[in-house]
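Below: one structure, written as structure tokens.
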Amino acid sequence: ETGDSDVANGVSSRGRCLPEIRRCPKSEYDLILQPGDTCLSVHIPNEGAFSAEICEASYARALDLFRKHFPELSIRGIHCHSWMMAPELETSLKPGSHITSFGRRYLRYPIHTRGEDVLNFVFLLKFRTYEDLAENTSLQRSLKKLYTSGQYLYEYGGIFAV
């Protein structure tokens with residue numbers, strides 16, 4: 001931060017850090033979250049409906065609960081990190097899928113990851129090669145196709161202001 005501007009790496013629309021350093025005049029953006037702001041962290045259950053409407057209702061219930069019982073926290077945002085935010089899913093899954101809709105709700109940013117969460121959560125069982133991955137659901141079939149073609153899926157962080 002420098003008086004009238006901030007200097008930082010940009011983030012591409014695919015959620016990747018750009019190598020170029022940019023100077024961003026403070027007059028050209030609104031700071032919606034800053035270090036020290038309190039954010040709720042999202043947990044994504046393994047089962048159940050996952051539409052945008054259900055997610056939005058869940059966010060609203062959580063915010064209501066925390067604002068009622070912990071008003072001193074002053075919740076400013078909602079945070080999540082998950083393989084479900086990987087930009088590659090936009091081209092691997094059907095248009096309008098619940099997973100891609102979920103990821104689009106967040107401003108994504110890269111995080112340090114080993115890229116194994118998707119395999120643990122979607123396939124649940126140990127496997128020896130990507131060819132051994134199950135194909136019981138359209139999600140499993142899409143991800144198996146991605147991995148057997150030499151592509152990988154990494155987790156991303158995401159946040160939005162409330």
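Each reported figure results from applying straightforward, stated rules to the coordinates on display, with no laboratory input. Please read these numbers as outputs of a predicted model, since none were measured by experiment. No Cβ is skipped: glycine too gets one built from the backbone with ideal geometry, and neighbour counts run over all protein chains shown.
Descriptive notes on the structure:
- A Förster distance of 22 Å, applied to the separation of the beta-carbon atoms of Glu135 and Arg104, puts the FRET efficiency at 0.25.
- Here the Karplus curve 6.51 cos²θ - 1.76 cosθ + 1.60, taken at θ = phi - 60°, turns the phi angles of the stretch 149-154 into couplings of 8, x, 9, 9, 10, 10 Hz, with x standing for Gly and Pro.
- Within the straight-line cut-off of under 16 Å between alpha carbons, the lysines reachable from Lys144 are Lys94, Lys126, sequence neighbours fewer than 8 places apart in one chain being disregarded.
- Rounded to whole Å, sorted largest first: equivalent-ellipsoid semi-axes of the stretch 1-80, Cα gyration tensor: 31, 19, 10
- Estimated distance in nm for a label pair at Asp37 and Phe50, the labels positioned 7 Å out from Cα along Cα-to-Cβ: 2.7
- Seen against the Cα atoms of the chain and their longest principal axis, helix 52-69 is set at about 50 degrees.
- You can think of it this way: the chain between Ala161 and Lys26 has 46.8 nm of extra reach, that is 0.36 nm per residue less the Cα-Cα gap.
- Cα-based convex hull, the stretch 69-162, per residue volume (Å³, whole number): 131
- Each listed q (0.10, 0.16, 0.19, 0.21 Å⁻¹) maps to a log10 I(q)/I(0) for the chain from the Debye sum over equal C-alpha point scatterers, namely -0.47, -1.04, -1.28, -1.42.
- Under 19 Å from the Arg128 label point (7 Å along Cα→beta-carbon), backbone N, the stretch 138-160: 148
- A crude spin-label estimate for the pair His69 and Glu116, with each label 7 Å from Cα along the Cβ direction, gives 3.4 nm.
- Size of electric dipole in the chain: Cβ of Lys, Arg +1 and of Asp, Glu -1, about Cα centre, debye, nearest 20: 300
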